[in-house]
Amino acid sequence: MTTDDWLADTRTSYDTVAVSYADQVRGALAGHQYLRAALALFADSVRTAGGGPVADVGCGPGEVTAHLHELGVDAFGIDLSPAMIDVARRDHPGLRFEVGSMTELNLPVASVAGLLAWQSLIHIPDDEVPTVFGRFHRALRPGGPLQLLFHVGEESLLKTEGYGGHPMKVHVHRRQPDQVASWLHDAGFVVEAQMLLDPDAKAQQAILFARSKS
């Protein structure tokens, strides 16, 4: 499968489910205290590093972007799916959202004070991850925080239906935190902490807290 193939499939899939997905996740952060705590820590790290614009890459309908804004962070969202961006702009009209891909992240060098990618790296094939992390590092200011949320595991699954029963064609890649941390190190990041969510659950998630080397 070429880069264009999986990117096109991912874009089309999330265009198809955008409205249903937004309805499902709206207000969901209120029920996840550890996710809110992680975002609060991220916001504090941005302020400690001097503040500035923050990119939420793979923002979907903008729930996390809006939450960061409520925490006092100058956050803006980027997503591959134009339909997701339309929903984000509809639901959060005071915030900035734009269409873009993390594989071709169109941000100037050292232009953001922080970068967050929640559940968007899961669709990136292994051989593309180092390139993505290199683009993250290029966009971040020296010392800027990076936070990742992703599914934990060893396998890659093909998701063919979701969010209201709509058809999808996306691969979901589950990874071990140590592997992700190794890729981050190679790209010029220092991993400061890891958090494993629901460690006894079948569907585990992890958060990595990292920082661009100064």
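Results, tabulated for the structure shown:
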item	result
Sole exception among (1) small (G, A, S); (2) open to solvent by 50 Å² or more (accessible area, probe 1.4 Å); (3) closer than 24 Å to I85 by Cα for A203, by number	(3)
Any chance I78 is outside any helix (DSSP H, G or I), free of Cβ contacts under 8 Å to residues at least 40 places away in the same chain and open to solvent by less than 10 Å² (accessible area, probe 1.4 Å)	yes
Criterion (open to solvent by less than 70 Å² (accessible area, probe 1.4 Å), under 19 Å from V54 (Cα atoms) and polar (S, T, N, Q)) met by exactly one of S214, S182, S120	S120
Meets criteria (surrounded by 14 or more Cβ atoms within 10 Å (Cβ to Cβ), farther than 28 Å from Q33 by Cα and touching a residue at least 12 places away in the same chain (Cβ under 8 Å)) for G188	yes
Residue in region 52-65 that is in a loop (DSSP other than H, G, I, E, B) and surrounded by fewer than 20 Cβ atoms within 10 Å (Cβ to Cβ) present	yes
Failed item in (1) farther than 22 Å from H69 by Cα; (2) touching a residue at least 40 places away in the same chain (Cβ under 8 Å), with A117 passing the rest	(1)
Residue check, L105 open to solvent by 20 Å² or more (accessible area, probe 1.4 Å) and more than 21 Å from V25 (Cα to Cα)	no
Some residue of region 67-75 being open to solvent by less than 10 Å² (accessible area, probe 1.4 Å) and either under 21 Å from L197 (Cα atoms) or β-branched (V, I, T) (or both)	yes
Output for region 64-75, where each listed residue is on the phi < 0 side of the Ramachandran plot and over 12 Å from the mean Cα position of the chain (by Cα)	A66, H67, L68, H69, E70, L71, V73, D74, A75
Which listed residue, of D86, D44, is more than 30 Å from H166 (Cα to Cα) and either part of a loop (DSSP other than H, G, I, E, B) or open to solvent by 70 Å² or more (accessible area, probe 1.4 Å) (or both)	D44
Options S111, S156, S182, S120; residue that is small (G, A, S) and within 21 Å of A22 (Cβ to Cβ)	S120
Unmet requirement for S111, which otherwise passes all of (1) open to solvent by 70 Å² or more (accessible area, probe 1.4 Å); (2) at pLDDT 95 or above; (3) among the hydroxyl-bearing types (S, T, Y)	(1)
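The values are calculated or read from the model by the stated rules, or taken from the named source; none is laboratory data. These figures come from a predicted structure and were not determined experimentally. Neighbour counts run over all protein chains shown; Cβ positions are idealised from the backbone, glycine included. Ligands, DNA and RNA are excluded from the accessible area calculation, which covers all protein heavy atoms including side chains. Shrake-Rupley method; radii C 1.70, N 1.55, O 1.52, S 1.80 Å.
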